[in-house]
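Visitor: The structure is given below, and queries will be raised subsequently.
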Amino acid sequence: MFAKKNVVAAAALALLAVGAQAQVTLYGTVDASLSRKQTVDLTTGDKSTTTNVDSGDMSTSFVGIKGEEDLGNGLKGNFRLEAAFNLDTGTQADDGFFGQNATVGLSGGFGAVNLGRFENVFKTEGGAFNPFGTSSFYSTTFATGLADGSSWSNGVEYISNNLGGLTLTVQHSAKEDSKGAAGSYSGGATAAAVNYTAAGLGLSAAYGDVRSTTNAPGLPLDRSRAWLLGASYDFQVAKLYAQYGQNKFDDNVAGDVGKLKGFQVGVAVPVTEAGAFLVSYGQNKESDADFKIRAASVGYTHNISKRTNAYAAYKNERYNVAGASESTNSFGVGVRHSF
């Protein structure tokens, strides 16, 4: 009996040791809303209005698994797998099952190095300096195209440790394709971002040179070079946000084919311990053509619990194309739960 007790105790200690070295976490967000949305055909000017049950209007619905293992001497092995889905239909939302993030890497005193597919710095920095975060619908940063909300495949990523509030992220997406048409650019993409936070202040700067971010055959004939600046300050009674950026497009045959330049300003105002009003305005304009898009969003979020949140939001978009002006109005109410 004594021997059996010793064996059981030893097995329990072994399991505890394994649990201390390797940790795996299941997490995610589910977001669904009832909305009335308006769209417009910019060619004909025809408008359509639909009543929808939609997924991910305020936050992307996804399920994730992440884990890390202590390898000793301050070194850790880690992985992250995130699959975005449409809660209203149960279907896959991204290009690939783990289309949002799918990485494996090492971290330590040097920072972290990850390999795989990851959200690009324009998405993470664009969401960090907007009161609506990375919302693909209500965030005016993404609604106007001021920032890219995609993930990059075939990538390697370096993230520094926090150095007195300063962090650096460098990303590269390998081209992984054969030589394409004559005169085409080399594929792939490279981006970097610097982020600084101290007390209530937040600052960021991101730059990217993008030719392609998927393993598509051939090489691209065009490229985009973009930069995005962000700032925020939390006054406690209100948090202010601002962004300013540019995206320049080049064709390897035609040369410079124009650029988009825009901005976003916003504010989040807590009105109770659980609720806050959100307001954001964004604009993006093409410098060499008669094209401008403007978007304004107003919303209210209320934390029912630590994990469950209800929201209501409204968005107006205005388009100016070749002298013609069109506008749309959309609104919705929804609930999201994080786990």
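Visitor: Going by average Cβ neighbours within 10 Å, how do the peptides 318-324, 34-40 rank, with the highest at the top?
Guide: Numbers: 318-324: 12.6, 34-40: 15.6.
With the highest mean Cβ count within 10 Å placed first, the list reads 34-40, 318-324.
Visitor: Return the calculated 222 nm mean residue ellipticity for the chain, to the nearest 500 deg cm²/dmol, obtained by summing -39500 (n - 2.57) across DSSP H runs with n ≥ 4 and dividing by the residue count.
Guide: Calculated mean residue ellipticity at 222 nm is -3000 deg cm²/dmol.
Visitor: Cut-off is 10 Å between beta-carbons; in what order do ILE304, ILE65, ILE293, ILE159 appear when sorted fewest neighbours first?
Guide: Values: ILE304 11, ILE65 15, ILE293 22, ILE159 19.
If I rank by nearby Cβ atoms, fewest first, I get ILE304, ILE65, ILE159, ILE293.
Visitor: Read through the labelled values (1) 1.07; (2) 1.13; (3) 1.02 and report the label of the one computed as Cα Rg over 2.2 N^0.38 Å from the structure.
Guide: Computed from these coordinates, Cα Rg over 2.2 N^0.38 Å corresponds to label (2).
Visitor: If I take R0 = 25 Å and measure r between the Cβ atoms of LYS47 and THR89 in this structure, what FRET efficiency does the formula 1/(1 + (r/R0)^6) give, to the nearest 0.05?
Guide: Given R0 = 25 Å and the Cβ-Cβ separation, E is 0.50.
Visitor: Once Lys and Arg get +1 and Asp and Glu get -1 on their Cβ, which of LEU166, PHE132, SER48 lies farthest toward the positive end of the dipole of the chain?
Guide: Working it through, the farthest residue towards the positive pole turns out to be LEU166.
Visitor: To continue, here is another question. Ranked highest first by average number of other Cβ atoms within 10 Å, how do 69-78, 82-91, 47-56 line up?
Guide: Details: 69-78: 12.6, 82-91: 16.5, 47-56: 15.0.
Ranked from most to least packed, the peptides come out as 82-91, 47-56, 69-78.
Visitor: Which order do PHE142, PHE339 fall in if you start with the one that has the fewest other Cβ atoms within 10 Å?
Guide: Numbers: PHE142 25, PHE339 11.
Placing the least packed residue first, the sequence is PHE339, PHE142.
Visitor: Relative to the longest principal axis of the chain, what angle (0 to 90°, nearest 10) does the C-alpha long axis of helix 2-21 take?
Guide: The angle comes out at about 20 degrees.
Visitor: Between GLN92, GLN23, GLN100, which gets the highest mean-square fluctuation from a Gaussian network model of the chain, Cα cutoff 10 Å?
Guide: Of the options given, GLN23 has the highest mean-square fluctuation.
Visitor: Would you work out which of GLN100, PHE110, SER59 lies farthest towards the positive end of the dipole of the stretch 40-111, given +1 charges on the beta-carbon of Lys and Arg and -1 on that of Asp and Glu, about the Cα centre?
Guide: PHE110
Visitor: Please arrange GLU317, GLU273 by counting, for each residue, the other beta carbons lying within 10 Å of its beta carbon, fewest first.
Guide: Going from sparsest to densest Cβ surroundings: GLU273, GLU317.
Visitor: While we're here: Quick check on my link table: of LYS123/LYS175; LYS66/LYS261; LYS175/LYS248, which ones sit more than 26 Å apart, alpha carbon to alpha carbon?
Guide: LYS66/LYS261
Visitor: Related question: Just how large is the dipole of the stretch 46-338 about the Cα centre, in debye to the nearest 20, putting +1 at every Lys and Arg Cβ and -1 at every Asp and Glu Cβ? Each step should come with its number before you reach the end.
Guide: Values: 23 positive and 28 negative charges, 89 e Å.
That gives a dipole near 420 debye.
Where a number appears in this text, it was derived from the coordinates with a stated rule and is not lab data. This is a predicted model, so every value here is computed, not measured. Every residue, glycine among them, receives a Cβ derived from its backbone with ideal geometry; neighbour counts consider all protein chains shown.
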